[in-house]
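Peer 1: Mind having a look at this structure? Questions to follow.
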Amino acid sequence: NAKVKYCAHIQNLGWLRYKGDGATSGTTGQELRMEAIRIKLGNEITSQYQGSIQYRSHIQDIGWENEWSSDGEMSGTSNRSLRLEAIQIRLTDDLSKNYDVYYRVHSQKFGWLGWAKNGESAGTEGYSYRLEAIEIQLVPKGGSAPGSTENAFRGAKVRYETHIQNKGWQETVNDGAT
């Protein structure tokens, strides 16, 4: 009887089983990209409140999806080998008046980031880092976050690359890296 259920589509593994209420969906330590996600509400919530859960992803080479997915629809891509880099999740109608949705992601190179909530971005943008796992929880409106809300999202401010004699163009780096 989870309040919120979600499943990730992971490189080489496909769709994982649904997890709920803060459990981890995805992998850590395996260097596998999350390619898509489905999120839905449990019966306990849908029978008590009007509203839905909506979400959209930031996808490799595409950017933020224009449309929000909802109630178990797929966000991301299928059969394209593209990584998710960030996600936004929000609640609507009466549901949003009674609950906050918190979520955090495990990102390549950064590991677990802080908890975002109610439509904020979680993950990275401008680094080309993959999401590897996610945790999502519904918390009664105004309740405490499940953990730290610091650094839920990392956006590269500056990206650059150099061309070196006899070596050509080097890998793109971010924010003060050599």
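The values are calculated or read from the model by the stated rules, or taken from the named source; none is laboratory data. What you are looking at is a predicted structure, and each value in this text was computed from that prediction instead of being measured. Cβ sites come from the backbone with ideal geometry, for glycine too, and all protein chains shown count toward neighbours. Quick note on the areas: whole protein, heavy atoms, side chains included, nothing else; ligands and nucleic acids left out. Shrake-Rupley method; radii C 1.70, N 1.55, O 1.52, S 1.80 Å.
Peer 1: Based on the alpha-carbon gyration tensor of region 16-89, what equivalent-ellipsoid semi-axes (square roots of 5 times the eigenvalues) come out, in whole Å, largest first?
Peer 2: 23, 16, 9
Peer 1: Using only C-alpha positions, report the orientation-averaged shadow area of the convex hull of region 1-129, nm², one decimal.
Peer 2: Mean shadow area of the hull around the Cα atoms is 7.4 nm².
Peer 1: If contacts are Cα pairs under 8 angstrom and at least 6 residues apart, what is the relative contact order of region 102-163 in percent?
Peer 2: Numbers: 112 pairs, mean separation 25.4, N = 62.
Reported relative contact order: 41 percent.
Peer 1: Restricting to Cα pairs below 8 Å that are 6+ residues apart, what does the relative contact order work out to for the chain? Please round to a whole percent.
Peer 2: Worked out over the chain, it gives 20 percent.
Peer 1: Let me ask another. Under the definition of Cα pairs under 8 Å and six or more residues apart, what whole-number percent is the relative contact order of region 84-134?
Peer 2: Contact order relative to length: 44 percent.
Peer 1: Just to confirm, what accessible area per residue do you get for region 1-131 at 1.4 Å probe, in whole Å²?
Peer 2: Dividing the accessible area of region 1-131 by its residue count gives 46 Å².
Peer 1: Let me ask you something else. First compute the accessible area of region 43-178 with a 1.4 Å probe, then give the percent of it belonging to carbon and sulfur atoms.
Peer 2: That share works out to 39 percent.
Peer 1: Within 10 Å of each candidate Cβ there may be at most 15 other Cβ atoms; applying that plus a DSSP loop requirement, which GluC sites (Glu not before Pro) in region 11-58 survive?
Peer 2: E31
Peer 1: List the trypsin sites (Lys or Arg not before Pro) within region 12-42 that fall in a DSSP loop (any state other than H, G, I, E or B) and whose Cβ has at most 10 other Cβ atoms within 10 Å. Mind showing how you got there, number by number?
Peer 2: Details: sites: R17, K19, R33, R38, K40; in loops: R17, R33.
Of the trypsin sites (Lys or Arg not before Pro), the ones in loops of region 12-42 whose Cβ has at most 10 other Cβ atoms within 10 Å are R17.
Peer 1: Let me ask another. What is the packing order of peptides 130-142, 70-82, 46-58, taking the mean over residues of other C-beta atoms within 10 Å and listing the highest first? List each step's numbers first, then the result.
Peer 2: Values: 130-142: 20.6, 70-82: 15.5, 46-58: 18.8.
Listed from highest to lowest mean packing, they are 130-142, 46-58, 70-82.
Peer 1: Using a Förster distance of 25 angstrom, determine the FRET efficiency expected from the C-beta separation of K141 and S81, and round it to 0.05.
Peer 2: So, using R0 = 25 Å, E works out to roughly 0.05.
Peer 1: Which ³J(HN,Hα) values in Hz, rounded to whole numbers, follow from the phi angles of region 86-98 under the Karplus curve 6.51 cos²θ - 1.76 cosθ + 1.60, where θ = phi - 60° and Gly and Pro get x?
Peer 2: 7, 8, 10, 9, 9, 10, 10, 6, 4, 4, 6, 7, 10
Peer 1: Continuing with this model, one more query. Work from the charge dipole of the chain (Cβ charges, +1 for Lys and Arg, -1 for Asp and Glu, about the Cα centre) and give the residue of A133, A152, Q165 farthest towards its positive end.
Peer 2: A133
Peer 1: Considering amide H positions built from the backbone, and no H for Pro or chain starts, which residues 5 or more places from E73, or on another chain, come under 5 Å of its amide H?
Peer 2: I39
Peer 1: As a check on your grasp of the helix formula, calculate [θ] at 222 nm for the chain: sum -39500 (n - 2.57) over DSSP H runs of n ≥ 4, divide by the residue count, round to the nearest 500.
Peer 2: It comes out at -1000 deg cm²/dmol, rounded to the nearest 500.
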